[in-house]
1. With a Förster radius of 45 Å, plug the Cβ-Cβ distance of GLU23 and THR97 into 1/(1 + (r/R0)^6) and report the FRET value to the nearest 0.05.
2. Can you give the local net charge around ARG80? Use residues other than it whose beta-carbon is closer than 14 angstrom to its beta-carbon, Lys and Arg +1, Asp and Glu -1.
3. Just read off the accessible area of GLU91 with the full protein assembly in place, 1.4 Å probe, to the nearest 10 Å².
4. Can you compute the charge dipole magnitude of the chain about its Cα centre, using +1 on each Lys and Arg Cβ and -1 on each Asp and Glu Cβ, nothing else charged? Give it in debye, rounded to the nearest 20.
5. Figure the gain on full extension for ASP86 and GLN153 (residue separation times 0.36 nm, minus the Cα-Cα span) and round it to one decimal in nm.
6. Just to be sure I understand the model, the point goes 7 Å from the Cα along the line to the Cβ. What's the resulting GLU65 to LEU41 distance in nm?
7. Using protein chains only and a probe of 1.4 angstrom, how many square angstrom of THR99 are accessible, to the nearest 10?
8. Roughly speaking, to the nearest percent, how much of the chain's 1.4 Å accessible area is carbon and sulfur?
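The values are calculated or read from the model by the stated rules, or taken from the named source; none is laboratory data. All values reported here derive from a predicted model rather than from experimental measurement. Cβ placement follows ideal geometry from the backbone for every residue including glycine, while neighbour counts extend to all protein chains displayed. Accessible surface is based on the protein model in full, side chains and every heavy atom, while ligands, DNA and RNA are left aside. Shrake-Rupley method; radii C 1.70, N 1.55, O 1.52, S 1.80 Å.
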Amino acid sequence: MYVRSMVEAGVLEGLAAVSPGPELSAALAALDPAVVPGDQLVEVLRAQARQCAHEQARLWATMVEVGLADPSGGDDPWMRTGTVADWAPGEIAAALTWTHRTADWELGLADVVVRQLPEVFAALSAGEIDRGKAVVFAQHLDPAHGLTRAQTQAILVRLLPVAPRLTTSQLRGRLWRAL
């Protein structure tokens, strides 16, 4: 009944215009996909994917903050260090019941995207690209591979705007050629 009233009020058609975040999250939480009219399911799917990308960005940002936090900050619980601590994957693994290897991998991706590729992080947070595309960017443009910031910027200016329309395989190919 609630979904029907949402459909009649035009809410489902408006999902494309809602930016990822609390408002979109609330709208999606109120929907049961099983009762959404078939001609509107793809719109709900796209909105859910944008929200998922936004939440992935928030998860990665939080992981990086865990890694930068200084638990020995004494009287200053806000103390952060300049580098991700060696103990951070263990802390994340314990908190999320992940293996140490998974936590280390995810934290490495998070650190590259959040701190080294802020444009990619912003696109992920805005729901413009998904986790898979953010991973492809991180794997190819990680500064540890020797790229300068100017080189990375030139590639991002060219590829980030078209990334939403590409598959991860197509993006990987274009990045490979650009490098």
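1. Efficiency for this residue pair is about 0.90.
2. So the surrounding residues net to -3.
3. 100
4. 880
5. Stretched fully, the ASP86-GLN153 segment lengthens by 21.2 nm.
6. Inter-label distance under the simple model: 3.7 nm.
7. It works out to around 80 Å².
8. 57
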